[in-house]
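Only one structure is covered here, and it is reproduced in the block below.
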Amino acid sequence: MTLAEAAAAIESRFPIARKIEFRGETTLVVARESIKAIALVCKAELGFDVLLDISSVDNFGEEPRFEVVYELYSLESGAHLRLKIAVSEDDLTVPTLSDVWATANWHEREIYDMMGLRFDGHPDLRRILMWEGYPYYPLRKDFPLGGKPSDVPDVGFTKVAPLEGGPFVTLPSQATAKDREPRARRP
């Protein structure tokens, strides 16, 4: 099935807010409520067996503020399809697709951690990069570039780390690489 046929099949069965074709790529902007049903059709009937990526966009100052972008790929036909949904600040929940494609699991966790969008029905929605209890979402455009204050002490950055004689630094000498290797210096 070609990309044009797949897009036409989706358009005939679901309401499409907008179709964007640019440089051989097709993007379908769909309703958030129908993303799960569209994903099931894409995988089961249209052959999009790989979810390459899920990303999110913060359109700060606009409404709806957020977009979630799904990149689908068919191994059989080589077709690449992009699906987008809009997410308002009033309701930051999105249906999970982790039960459709297993790869959605970590992508959704990262979007939750960095943007604060919640994936309804996700089996393990917890932070993946920031620590639990961190109250902010670092990839939002209203997050200050210098960061926000934290109660976590600067344990790892109390002084400049020495480059000389560290566990992975070889000592300058005329010896062979095997003899200069740090493990060779152990007593």
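What follows draws every value from the coordinates through simple rules; no lab data is involved. As the structure is a computational prediction, the values presented were derived from the model and not from experiment. For neighbour counting, all protein chains shown are included, and Cβ atoms are generated from backbone atoms with ideal geometry for every residue, glycine included.
Odds and ends about this structure:
- Eligible aspartates and glutamates near K36 by straight Cα distance, threshold 13 Å, same-chain separation 8 or greater: D99, D120
- Karplus-derived HN-Hα couplings along the stretch 125-131 (A = 6.51, B = -1.76, C = 1.60, θ = phi - 60°), whole Hz, x at Gly and Pro: 7, 9, 4, 10, 10, 8, 7
- For the stretch 32-130, the list of trypsin sites (Lys or Arg not before Pro) that fall in a loop by DSSP and count at most 14 other C-beta atoms within 10 angstrom reads R126, R127.
- Rounded to whole Hz, the Karplus (6.51, -1.76, 1.60) HN-Hα couplings of the stretch 38-45, x for glycine and proline: 5, 4, 5, 5, 4, 7, 6, 10
- Among the GluC sites (Glu not before Pro) within the stretch 20-71, those in coil by DSSP and having at most 12 neighbouring Cβ atoms inside 10 Å are E62.
- In order along the stretch 66-75, the phi-based Karplus estimate (6.51 cos²θ - 1.76 cosθ + 1.60, θ = phi - 60°) of 3J(HN,Hα) comes to 10, 10, 10, 10, 10, 10, 10, 9, 9, 5 Hz; Gly and Pro are listed as x.
- Sorted largest first, extent of the stretch 3-155 alpha carbons per principal axis (Å): 56, 31, 27
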